[in-house]
Amino acid sequence: MASRYDEVYRRSLGDPIGFWAEAAEAIDWERRWDIVRDDSRPPFTRWFVGGMVNTCHNALDRHVAGGRADQVALIYDSPVTATVARYTYRELRDLVALAAGALRALGVGRGDRVLIYLPMIPEAAVAMLACARLGAIHSVVFGGFAPAELAKRMDDARPKLIVSASCGIEVGRVIPYKPLLDEAIRLAHAKPERCLIKQRPQAAAAMTPGLDVDWDAALAAAKPTECVAVAATDPLYIIYTSGTTGVPKGVVRDNGGHLVALAWSMPNVYGVQPGEAWWAASDVGWVVGHSYIVYAPLFHGCTSVLYEGKPVGTPDAGAFWRVIAEHGVVAQFTAPTAFRALKREDPKGEHIGRHDLARFRTLFLAGERADPDTVQWAERVLNRPVLDHWWQTETGWPMAANCVGLGMLPVKHGSPTKPVPGYRIQVVDEQGKDMAAGQIGSIVVKLPLPPGSLPTLWHNDEGFKASYLADFPGFYKTADAGYLDADGYLYVMGRTDDIINVAGHRLSTGAMEEVLSGHRDVAECAVIGVANALKGQVPLGFVVLKAGVNRASEEIAREVVGLVREKIGPVASFRTATVVARLPKTRSGKILRGTMARIADGKPYTTPATIDDPAILDEIAASLATVGYPGKG
Ligand code: COA
Ligand code: AMP
């Protein structure tokens, strides 16, 4: 089939209003919009202004009414608890309606924030959808973050209620969540009124009278609640993501634009049809989990798999193939790091032959650069298209992809292919001028952004402008660098800021530096991302001690490693730090992090002309050698 991509892409840019109005027909509106796109308050754009809609209705109720009541909506597959549970659209609707009733009984209503800190259990999806049902705004926080990070999000979102569980399970380890939550509440200035706690059999949480409410008991006592129509422009959720400082950015998602964009993406970007089973192997704490575990597949009437396990170790490198075969998954979405883990454990892909993958059509990768080695390995062992695509928490859905639903384009390894309809992507120099094909520059998107992308940051319009719109007027700055080739294929090479990507998780080295600086013996520090064969990148810290400190360097290095785990969480994968006498800097005092990273990665580097004292680079190399670099990655 010839690809319709070019024609559809051109139309999306030439007639965005007509294009998205047509896409919006896939959604049930309580009241249709007055204006498809409102640009009257630049640089802010609002989609489907005047429209009234309910996200949960579009995910569940309308499918129950429309003939999918007995189709499975959600499959909870948990190798760590040896559980597989299936929920039809009717069952999930009923459960969500009860949960919404429980939330309402606890005082949650339209516009209230609910923070969700849950492992990958069905209650995570239920709680999100219950908020959507009430018009409340959820903010899901990934379980691998430490209490201090949770507290920062509480202080910004000011949730009325927190939904959590007694524990998460990380392969063989039970991780009690309640002590983490209690500590976060102690640290936060904005305390919740109540916490709704799911007690899991693997660990019982101690409940605080007057604060904690048992999830099962609350649902048992609840009355089912109907969907509350909200403005299309009302926030559906806030998701916090790493910025360049220790303060996370609260990305806002609206209801209407999100519904339209995500519903459009399922058939067109992913080529998945209603009734088919789809699996995003991520976590509800990340944007991929929001968009493609919970919302998009349900908007589109698919069956979505919610997986509580890992690619390897639960129990082995055949776990992905078992899930795909058992649930008839037609397409999977995961991060390249998961496939690097599989490649390492099962290099010949021997586990694959033990499962019936007849229905499996496509593998999608995103979240970090898909290295050609891993992509080619996956293609070889799966004998199916392996499609890299590129997006960010901010956009909520892909900006560049090989839109299989429109007809697949030739794959070029190392490229997520072409801009997705709706996104006009350019590569520009520091002055905002277009770069020639093949030349690396900043990747930007011409404003206005399509529906589904962030309208602003939570209660922070100025921060939104400063972070994304100020550097390149008229464009959204992605903070990724890369190039477009002569055929219009995009190549994403890395970030232009201090964000690193660890096992597909986005983390700020600036935030880690703030933690290191907090150690009483540390005068100065730098954290860089270094190459890692499994996780893509891992952080590595350098600390300069205050004058007069004469404790053992190893001891201090161990302490700062512990401090990052305590303050940011295990997800940071911060395992190595080294003490140095001084940091390499330019004469104007800028730390040469890029040069340090090249030394750690064993790559050739030039001594910057502006360096203060070139001898420091040798000291850095010597110090790196003591912790196994170069060569460790
Ligand atoms: N709750 C509590 N702790 C968590 C957690 C959670 N939800 N998720 C991760 N952690 C912990 C891990 O247990 C680990 O702790 P440790 O330092 O005590 O070992 C630490 O955080 C780092 O986790 P991770 O980076 O996931 O490393 P890993 O070694 O456990 O697993 C992979 C490596 C590649 C198997 C794993 O990262 C993976 O499956 N990645 C898939 C990619 C993905 O889901 N990306 C999301 C965006 S699409
Ligand atoms: P997150 O907001 O966590 O989804 O992280 C977004 C960042 O991950 C992007 O800005 C990129 O740096 C990186 N990223 C995501 N997908 C890709 C991809 N397909 N190729 C290269 N980098 C990617």
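The values are calculated or read from the model by the stated rules, or taken from the named source; none is laboratory data. Just so it is clear, the model here is predicted, and its values are computed rather than measured. Because the Cβ atoms are built from the backbone with ideal geometry, glycine has one as well, and the counts that use them run over all protein chains shown.
A compact table of results
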quantity: The lone exception for LEU92 - which of (1) modelled with pLDDT under 95; (2) under 25 Å from the mean Cα position of the chain (by Cα) it fails; calculated: (1)
quantity: Count of region 364-410 residues which are more than 13 Å from ligand 2 (Cβ to nearest atom) and of a type outside the set (Asp, Glu); calculated: 17
quantity: Criterion: more than 9 Å from ligand 2 (Cβ to nearest atom) and either under 23 Å from the mean Cα position of the chain (by Cα) or of a type in the set (A, V, I, L, M, F, W, C) (or both) - qualifying residue of VAL515, VAL492; calculated: VAL515
quantity: Cβ pairs under 7 Å, 6+ apart, first in region 588-606 and assigned by TED's automatic domain parsing to the domain that holds VAL530, second assigned to a strand (DSSP E or B) and of a type in the set (Lys, Arg); calculated: ILE591/LYS585; LEU592/LYS585
quantity: Any chance LEU115 is away from ligand 2 (no atom under 16 Å from the Cβ) and in a helix (DSSP H, G or I); calculated: no
quantity: Candidates ASP434, ASP461, ASP480 - the one that is within 24 Å of TYR237 (Cβ to Cβ), surrounded by fewer than 18 Cβ atoms within 10 Å (Cβ to Cβ) and at pLDDT 95 or above; calculated: ASP461
quantity: Pair list, Cβ < 7 Å and 6+ apart or interchain, from region 384-403 residues that are in contact (Cβ under 8 Å) with a residue 40 or more places away in the chain and closer than 18 Å to ASP6 by Cβ to residues that are outside any loop (DSSP other than H, G, I, E, B) and charged (D, E, K, R); calculated: ALA400/LYS418
quantity: Top-ranked residue in region 568-599 [being at pLDDT 95 or above and among the hydroxyl-bearing types (Ser, Thr, Tyr); ranked as nearest to the chain's Cα centre (by Cα)]; calculated: SER573
quantity: Lone qualifier among LEU382, LEU357, LEU365, LEU406 - being buried (at least 22 other Cβ atoms within 10 Å of the Cβ), outside the structural domain of GLY474 (by TED's automatic domain parsing) and within 22 Å of TRP278 (Cα to Cα); calculated: LEU365
quantity: Subset of region 568-591 [closer than 16 Å to ALA622 by Cβ and either more than 16 Å from ligand 1 (Cβ to nearest atom) or touching a Leu at 6+ places or on another chain (Cβ under 7 Å) (or both)]; calculated: THR576, THR578, VAL579, VAL580, ALA581, ARG582, LEU583, PRO584
quantity: Residue in region 161-182 that is without any contact (Cβ under 8 Å) to a residue 60 or more places away in the chain and basic (Lys, Arg) present; calculated: yes
quantity: Failed item in (1) under 20 Å from ASP77 (Cβ atoms); (2) within 16 Å of ligand 2 (Cβ to nearest atom); (3) hydrophobic (A, V, I, L, M, F, W, C), with LEU306 passing the rest; calculated: (2)
quantity: Some residue of region 297-310 being among the aliphatic types (A, V, I, L, M), assigned to a helix (DSSP H, G or I) and within 25 Å of SER265 (Cβ to Cβ); calculated: yes
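To keep it simple, each residue is scored yes or no on (1) of a type in the set (Asp, Glu); (2) outside any helix (DSSP H, G or I); (3) away from ligand 2 (no atom under 14 Å from the Cβ).
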position: SER282; (1), (2), (3): no, yes, no
position: GLY285; (1), (2), (3): no, yes, no
position: TYR295; (1), (2), (3): no, no, yes
position: PRO315; (1), (2), (3): no, yes, yes
position: ALA338; (1), (2), (3): no, no, no
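Okay, residues lined up against (1) part of a loop (DSSP other than H, G, I, E, B); (2) closer than 16 Å to VAL251 by Cβ; (3) in the same structural domain as LYS535 (by TED's automatic domain parsing):
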{"position": "LEU449", "(1), (2), (3)": "yes, yes, no"}
{"position": "HIS459", "(1), (2), (3)": "yes, yes, no"}
{"position": "ALA466", "(1), (2), (3)": "no, yes, no"}
{"position": "TYR491", "(1), (2), (3)": "no, no, no"}
